[in-house]
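Novice: My questions all concern the structure below.
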Protein chains: 2
Amino acid sequence: MREFATEISCVGNELLSGITINMNAYWLSKKITEVGGSVKRITVIRDDVDEISLAVRESIARKPDWLIISGGLGPTYDDKTLQGVARGLRLELELDNMALDMLKKSYSRLSMDYELNEIRLKMAKIPVGSTPINNPVGSAPSILIETDETKIVCLPGVPKEMEAIFLESILPEMKKIVGDFHIVEYSYETIGVSEAMLAPTLSEIVDSNPQDSIYLKTHPLGVARISEHISHNSAQKLRIHLISKGNDRVLVQKRFDTISKILFEEISRLKGEIVNPKR
Amino acid sequence: MREFATEISCVGNELLSGITINMNAYWLSKKITEVGGSVKRITVIRDDVDEISLAVRESIARKPDWLIISGGLGPTYDDKTLQGVARGLRLELELDNMALDMLKKSYSRLSMDYELNEIRLKMAKIPVGSTPINNPVGSAPSILIETDETKIVCLPGVPKEMEAIFLESILPEMKKIVGDFHIVEYSYETIGVSEAMLAPTLSEIVDSNPQDSIYLKTHPLGVARISEHISHNSAQKLRIHLISKGNDRVLVQKRFDTISKILFEEISRLKGEIVNPKR
């Protein structure tokens with residue numbers, strides 16, 4: 001399968017102190033996975049130039065195809081992402097005419113006739129050599145920096161803005177890499193088998209399929225009431241999440257069906273039961 | 001203020017493909033922040049021994065006081081955390097008698113009279129020199145490894161188990177470090193001022209208070225309807241999140257009140273309004 005590796009970095013103290021649930025990382029992972037990309041790592045860091053700079057360097061060293069950074073592009077004192085990224089890549093920040101133009105247009109679209117003072121101009125000071133990306137919703141432009149191995153994209157942290165820019169300017173580029181991509185996905189819920197009982201079969205299935213062509217995991221859902229599991233060997237309830245994916249629609253479906261059949265047979269042999277078989 | 005630095009690592013492909021929202025990292029951050037700890041970084045990695053090993057080494061190099069790892073302790077093929085941690089620290093895995101004892105007790109408590117086969121025994125094979133921690137809810141024991149600078153804790157990924165072990169065995173240790181700890185916290189919602197308008201005042205407030213004694217951030221909530229903001233200079237709605245924290249209850253409250261007063265006066269000077277003043 002054609003593929004690409006992505007890392008996601010989220011900048012913001014609120015994500016590290018139990019104030020905000022990291023829905024940006026969840027949303028981005030979902031979108032990237034849906035077009036056939038593989039998210040290798042998510043890193044959450046504080047609003048601190050040194051921390052951002054270090055995280056960017058560490059990430060670049062792992063050579064993902066993309067590094068998507070979200071948060072810290074606004075005008076306030078704690079918006080330090082561009083400073084951190086510039087330091088990490090040893091680039092200077094410079095007022096960029098294209099970014100300035102985008103900023104002015106945003107303000108005019110938002111009917112805000114603010115003076116472009118130093119604090120606001122900060123949003124148009126971007127690392128030398130980077131390309132500003134239009135923000136169709138808010139004011140701060142995003143940027144793209146192409147390094148030897150990794151395309152770095154800085155997006156705002158406000159979800160509405162982050163999502164709009166990503167869908168308009170980044171996801172279409174990612175789609176082009178993978179081309180046609182298909183997913184068949186289902187969560188089976190079972191009763192009467194434990195993770196340990198199913199482990200050998202799961203292991204065999206994963207070993208006998210190409211890496212990244214399937215996703216197969218069990219998650220314990222707790223213990224059933226006696227009335228529910230009286231006829232079974234185990235009281236455990238499980239969720240079995242199965243995903244088959246790839247460029248070839250027919251092969252993806254065939255793989256899904258074959259694995260489902262193996263799971264059904266093994267669960268039945270172990271005297272367990274699938275309570276929600278896929279129809 | 002007495003303090004400690006923590007990193008959190010979450011292991012699981014489901015957290016990197018838009019299947020599961022990372023509520024474990026959110027919950028842990030919240031608990032650690034509440035007792036006065038500072039979470040410096042969250043890292044999410046795949047169920048891959050090399051990735052886990054690399055992440056552990058990178059984390060140790062940043063020398064946090066604690067590294068809390070969650071996920072990947074179960075019996076299935078994709079539970080690789082102990083292998084990864086052992087490789088990262090160059091330790092061997094060995095069947096531990098205390099861990100085995102805990103595993104047997106868990107099975108007996110869960111009324112599961114399973115044979116302790118090789119797959120299940122895996123949960124009692126822990127890095128040499130580590131201490132097993134009782135799991136009061138599920139089966140896999142947690143472990144603690146003390147390195148020169150960092151205490152490493154491996155917790156299960158199942159939220160109910162992770163939370164129970166953390167509350168019973170880890171949080172009390174963290175509390176001891178900081179001692180008495182107080183937080184005053186409130187989210188002001190405003191209309192009629194933008195982030196950029198407030199930026200200089202926020203910057204001044206942060207600069208004139210000890211680091212980590214306050215948390216002060218603005219989050220844009222979008223644009224108000226004309227009827228709502230006709231009398232203001234800006235259409236923007238904001239959330240201003242203010243936290244004051246520290247060991248001294250009186251000082252914490254005083255700091256909160258002083259900063260609130262400064263914010264009120266500045267917002268009023270800018271012809272903005274706080275729609276939910278704290279009572």
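Novice: I need the inter-copy label distances for A:G179: point set 7 Å along Cα to C-beta, values in nm with one decimal, smallest first.
Specialist: Nearest first, the other copies' label points are 6.7 nm away.
Novice: Would you please name the GluC sites (Glu not before Pro) within segment A:4-92 that are DSSP coil residues with at most 12 other C-beta atoms within 10 Å of their C-beta?
Specialist: The qualifying sites are A:E92.
Novice: Place +1 on the Cβ of every Lys and Arg and -1 on the Cβ of every Asp and Glu in chain B, take the dipole about the Cα centre, and give the residue among B:S142, B:A235, B:Y186 whose Cα lies farthest towards its positive end.
Specialist: B:A235
Novice: Still on this model: With a cut-off of 14 Å, note down the residues of segment A:58-89 whose backbone N falls inside the zone around a label point 7 Å from the Cα of B:E149 toward its beta carbon.
Specialist: Hits in segment A:58-89 for B:E149 at 14 Å: none.
Novice: May I pose another question? Anything over 24 Å Cα to Cα? Flag those among A:K63/A:K122; A:K217/A:K261; A:K31/A:K245; B:K217/B:K271, in the order listed.
Specialist: Violating the 24 Å Cα-Cα cut-off are A:K63/A:K122.
Novice: Could you point to the residue in A:S213, A:V39, A:V85 farthest towards the positive end of chain A's charge dipole, with +1 and -1 charges on the Cβ of Lys/Arg and Asp/Glu respectively?
Specialist: Going by the charge dipole, the pick is A:S213.
Novice: Also, quick follow-up: Between segment A:40-64 and segment A:19-38, how many Å separate their Cα centres?
Specialist: Answer, in whole Å: 17.
Novice: Need one word for segment A:5-178: rounded, prolate or oblate. Basis is the Cα gyration tensor (sqrt eigenvalues a ≥ b ≥ c); a/c below 1.5 gives rounded, then a/b vs b/c decides.
Specialist: Rounded, because the longest to shortest axis ratio a/c is under 1.5.
Novice: Another question, then. Kindly rank B:136-148, A:151-163 from highest to lowest mean number of other beta carbons found within 10 Å of each residue.
Specialist: A:151-163, B:136-148
Novice: While we're here: For chain B, modelled as a Gaussian network with Cα springs under 10 Å, which listed residue fluctuates most, B:D207, B:D48, B:D101?
Specialist: Of the options given, B:D207 has the highest mean-square fluctuation.
Novice: Ok, one more. Per DSSP H run of n ≥ 4, the term is -39500 (n - 2.57); total these for the protein assembly as shown, divide by its residue number, and report the mean residue ellipticity at 222 nm rounded to 500 deg cm²/dmol.
Specialist: Result for the protein assembly as shown: -11000 deg cm²/dmol, rounded to the nearest 500.
Novice: How much net charge surrounds A:G18 when only the other residues with a Cβ under 12 Å from the Cβ of A:G18 are counted, with Lys and Arg +1 and Asp and Glu -1?
Specialist: Here the count lands on -1.
Novice: Return the average number of partner chain Cβ atoms within 10 angstrom of each residue Cβ along peptide A:18-31.
Specialist: Mean partner shielding for this stretch: 6.
Novice: Given the options B:A164, B:A224, B:A99, which has the most mean-square fluctuation in a GNM of chain B, springs set between C-alpha atoms less than 10 angstrom apart?
Specialist: B:A224
Novice: Can you give the FRET efficiency to the nearest 0.05 for A:K254 and B:L95, using r as the Cβ-Cβ distance and R₀ = 51 Å?
Specialist: Efficiency, from the Cβ-Cβ distance: 0.80.
Novice: If you don't mind, there's one more thing I want to ask. Inside 10 Å of the C-beta atoms of A:10-17, what's the mean count of C-beta atoms belonging to other chains?
Specialist: What the average comes to for A:10-17 is 6.
Novice: Taking chain A as a Gaussian network, Cα atoms linked when under 10 Å apart, which of A:V223, A:V252, A:V178 shows the biggest mean-square fluctuation?
Specialist: Ranking A:V223, A:V252, A:V178 by mean-square fluctuation puts A:V223 first.
Novice: Now for a different question. Got the B:D50 label distances to the other copies yet, label 7 Å along Cα→Cβ, in nm, shortest first?
Specialist: 3.2
Novice: Starting from a label point 7 Å past Cα on the Cβ side, list the distances from A:K160 to the same position in the other copies, nm, shortest first.
Specialist: Distances between equivalent label points, in nm: 3.9.
Novice: Here's something else I'd like to know. What does the structure give for A:73-80 when I average, per residue, the other chain Cβ atoms found within 10 Å of the residue Cβ?
Specialist: Neighbouring Cβ atoms belonging to other protein chains average 6 per residue here.
Novice: Name all residues of segment B:240-279 having a backbone nitrogen under 19 Å from the label point set 7 Å from the Cα of A:E115 along its Cα→Cβ direction, giving them as ranges.
Specialist: From segment B:240-279, the list is B:266-272.
The numbers here are math on the coordinates, done by the rules we state, and not lab data. Everything quoted here is computed from the prediction, not taken from an experiment. So basically every Cβ, Gly included, is an ideal-geometry build from the backbone, and we count neighbours across all protein chains shown.
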